[in-house]
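Structure first, commentary second.
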C-alpha cells in the first residue's frame, strides 16, 4: 500500500473519530536555540593606560585580563604586556612571596584555603597563584583550584589565579613571576604560589619566592622515603598536614623524624634552621602556629639582610632566564630555521647525520 493511501485512511479515521483520545493536536513550531537577534560584539582592546590604572586601583577584573595578556602566546600581545609590567614594577615589591609544595594528596589546596581565610583576618590581602599541570597528550589543563578552594574564592581580599604549565615549566615560571608584579601593584601583600607537586617545578618556584614551604603527610608508608635531600634543602619550613583524628600520633612521630633529618643538613645561606609543624586544615588546628613560624622566618631574614640579597639574586637569575628564553624563541621562529628543520631532523632519524652536527648546522644558519 502506498504512503499516500495510508495518509488518506488516517485522515478518514480521524474525521469519523474526532473526539477520540488518539487524536493528536498540532504542536507549535520549535523556537531557534540561539536568539536570532543576538549579535556577537567583539570586545574592545583595552589600552595600556586602562590596564595600568585598573591594576593600581585594585580592579580584580582588569588584573585578571592583564594576566591573560601576559600568558598569551600571541606576539601582538607581548609588547603591550611587557609595557604594563614595566609600568607596574615601581609599585611592586611590597609583598611576602611564599612557595607551597608537597606530594600529591598532601592537601595543598585545603591548606591554602584554611590559611588564606586566617591570613585575611589579620588585615592582609592574599593572591594565590596555582600552577596546574597540563596534559602531555591533549595539552589541556583542568584549572580546578577555584573549585577546590571554594570559600576563599568568595573572600573579597583573596584573588585566586590558576595557570596551566603547558609543558613548559620555565615559561610558566617566568609568566608567574610577571604575574606576581601585577598582583603586588594591585595591593596584594601576601602571595602564595602553589606548585604542580614534587618535581622540577620546585626549582623554578624557589627562584621567585622569599620562603619555601613543604607540606607532607604521615601514615603513608616509611616517613624517611619523603626525606629527599634535593627538595628538603630548599624548604624553609615543613608542615605535616591532616593531623586530626587517629592521625595525630602519626603526625607527631613524622614531625620528630623530619625535624631530626633537617638538623643533619648544613645551615642554609639565610642562616635559618627549618622548623617542622603539624596542622589540620579540616579542624583548623595548628594554623596559627604555622603562620607565626612564617613571621619569625621573615623577621629573621629581614634583620640579617638575606631578604634583600635573595631578591637581588633572583632578579639577576631571571634576567639570564629571560635572555635564554628569548633566544630560544627567536631561533625556532626564524623562517630559515623553520624551512630547514624538517630536512635536518629527517637526516638525523635516518642516521645520516649525528645530533651534534645537525645542531651545529642549524645554529650556523641562524647566526649567519
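Decide, for the range 269-330, between rounded, prolate and oblate: order the square roots of the alpha carbon gyration tensor eigenvalues as a ≥ b ≥ c, take rounded if a/c falls under 1.5, and otherwise choose prolate if a/b is larger than b/c, else oblate.
The shape class here is oblate.
Compute the Rg/Rh shape ratio of the range 43-91: radius of gyration over Kirkwood radius, all on alpha-carbon atoms.
Computed over Cα atoms, the ratio is 0.93.
For residue 325 paired with residue 300, estimate the spin-label separation in nm (one decimal), with each label point 7 Å from Cα along the Cα-to-Cβ line.
About 3.1 nm, to one decimal.
Which peptide among 205-214, 321-330 comes first, and what is the full order, when sorted by highest mean count of other Cβ atoms within 10 Å?
Peptide ranking by packing, descending: 205-214, 321-330.
Tell me, what is the FRET efficiency for residue 343 and residue 264 to the nearest 0.05, using R0 = 41 angstrom and their Cβ-Cβ distance as r?
Efficiency, from the Cβ-Cβ distance: 0.15.
I need the peptides 65-76, 109-120 ranked by packing, meaning the mean over residues of other C-beta atoms within 10 angstrom, with the highest value on top.
109-120, 65-76
So if R0 is 45 Å, what FRET efficiency would residue 92 and residue 361 give, r being the distance between their Cβ atoms, rounded to the nearest 0.05?
0.55
Starting with the highest mean, order 271-279, 54-62, 305-313 by the number of other Cβ atoms within 10 Å, averaged over the residues of each peptide.
271-279, 54-62, 305-313
When a/c is below 1.5 the answer is rounded, else prolate if a/b is larger than b/c, else oblate, so apply that to the range 228-306 with a ≥ b ≥ c taken from the square roots of the Cα gyration tensor eigenvalues.
oblate
Bear in mind these aren't lab numbers, they're just calculated from the coordinates by the rules spelled out. The structure presented is a predicted model; accordingly, all values stated were derived computationally and were not measured. Methodologically, a virtual Cβ is constructed for each residue, glycine included, from the backbone with ideal geometry; neighbour enumeration extends over all protein chains shown.
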